[in-house]
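Beneath this line is the structure, given in structure tokens, with notes to follow.
Coordinate-derived values only; no laboratory data. These numbers were taken from a predicted model, which means no experiment stands behind them. Virtual Cβ from ideal backbone geometry, glycine too; neighbours counted across all protein chains shown.
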Amino acid sequence: MTMCELVEQVVEQKGYTFVSHNRHDGSMQRIHEIDPDLILLDLHLPDGSGLHICKELKNNPKFADTPVIMLTTREFNIEKEIALNAGAEAFIHKPFTHKKLGDIIVSTLTAVIKINFWGVRGSAPCANRENMVYGGNTTCSQITIPGQDEYLILDCGSGIRNLGNQIITKDKKAKGHVFITHPHWDHIQGFPFFKPFYIPENEFVIHMPQQLGGDCKEVLSGQMTYTYFPVTPEMLMAHLSYVTQSYHLQEYKGYKIEFMLSNHPVATAIYKVHVGGKTIVFCPDNELVPAENGKRNSFYNHLLEFFDGADLLIHDGQYDRETYKKRKNWGHSAWEEAVDLARETNVKRLLLTHHDPDSSDSYLSSLDKKLDAHRSDFEELHFAKEGESIKLEIEE
């Protein structure tokens, strides 16, 4: 039995439809025609390498999120490393059992909530070489819910520009909600560069808490006045609605969302998303004040309740404790404080974000090693990287 026949047998036994193409030549055209949910790639094709196809897929916005499983009859560890670095979700070499292959296929296709990080930098974007691993774009995250055709976006930092480029490549018509935590520059500077806002067929609702300077529409329009920017709000051709977000739990298509105010110089939301039996807390700007004489302030108690049991907490970790001493009342936290709070509230996964522009890749990597002492308390714990994706399995 050939590998292709074996794979077909396993796939169809699991109740999925199987379509094959056994050559490198014409493979991308075939994939475009089928638009599959999962791609199983042989590492060595008669006329080329499956690795080249994998890299091409991951560089194509239309298929960047399509899972790829690499298969091979050979057993070289370096090939596995290269395949995973190229973006493959899994790498399987023969001999493998029907059960092993079937389990990996089912696991890969199981409905999951995906959280993509398009920007994790704080304060100002940075395009320096020493910032390329963790990323230089400012805050923007995306939550993808299976079966939903609406985009769910958190914050409009410079990272939203790349998300917008992907959207216009994939969708002729796009709609969704953008929840902005607050109007500091690093959280709204990508707003005018989000290309889907310029397409008439698109529909987006923009949310933000009430500000001293006005409601959501007034504040966002302010940065696009002619004095500051050549493109004015009237040039945004999509159908845009502006909502001054309510504190109370609000229900949308496939999820619910609520917020509390963080400890930050302006009215800043900590958004909590309830979706698929999971809770995701998005808190990129929040100052955790260290305990004095063993006592915390009253705000800390509110956080304990709001964060309790979160499946994923994305929290401000811009400083370490030494740096924080010189940055008090700037509205940001030491990563050590965020780890302590997440542990105390039984958070399952903690990703530290809003990296300082002066925090190089080597510095952030050194901090990430310090997290080793705390990883046993969490299912996942690390400093967030631009371009990474977190998956949460939906509970029935």
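What the table below lists for this structure:
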read-out: Net length gained if the chain between S49 and H374 were fully extended (0.36 nm per residue, minus Cα distance); value: 112.9 nm
read-out: For segment 290-306, 3J(HN,Hα) per residue [Karplus equation, 6.51 cos²θ - 1.76 cosθ + 1.60, θ = phi - 60°, Hz, x = Gly/Pro]; value: x, 5, 10, 6, x, 10, 9, 6, 5, 4, 4, 5, 5, 5, 4, 6, 6
read-out: Rounded FRET efficiency, nearest 0.05, which uses the C-beta distance separating R296 from S20 and R0 of 41 Å; value: 0.10
read-out: Intensity falloff of segment 3-109 expressed as log10 I(q)/I(0), Debye formula with alpha-carbon point scatterers, at q = 0.13, 0.15, 0.17, 0.23 Å⁻¹; value: -0.42, -0.58, -0.76, -1.52
read-out: Viscosity 0.890 mPa s, temperature 25 °C, Stokes-Einstein D of segment 259-396 from Kirkwood C-alpha radius, µm²/s; value: 160
read-out: Segment K173-H98, extension gain: residue separation times 0.36 nm, minus the distance between their alpha carbons; value: 22.9 nm
read-out: For segment 325-386, diffusion coefficient by Stokes-Einstein and Kirkwood Rh (Cα), 10 °C, 1.306 mPa s, µm²/s; value: 127
read-out: Normalised contact order of the chain, rounded percent, pairs of Cα under 8 Å and 6 or more residues apart; value: 13
read-out: Helix-derived mean residue ellipticity, 222 nm - over the chain, DSSP H n ≥ 4, -39500 (n - 2.57), to 500; value: -7500 deg cm²/dmol
read-out: Difference of contour (0.36 nm per residue) and Cα-Cα distance, N346 to Q9; value: 117.0 nm
read-out: Subset of K272/K370; K14/K175; K114/K172; K256/K391 violating a 26 Å alpha-carbon distance limit; value: K272/K370; K14/K175
read-out: Within the chain, percent of DSSP bridges classed antiparallel, to nearest 5; value: 45
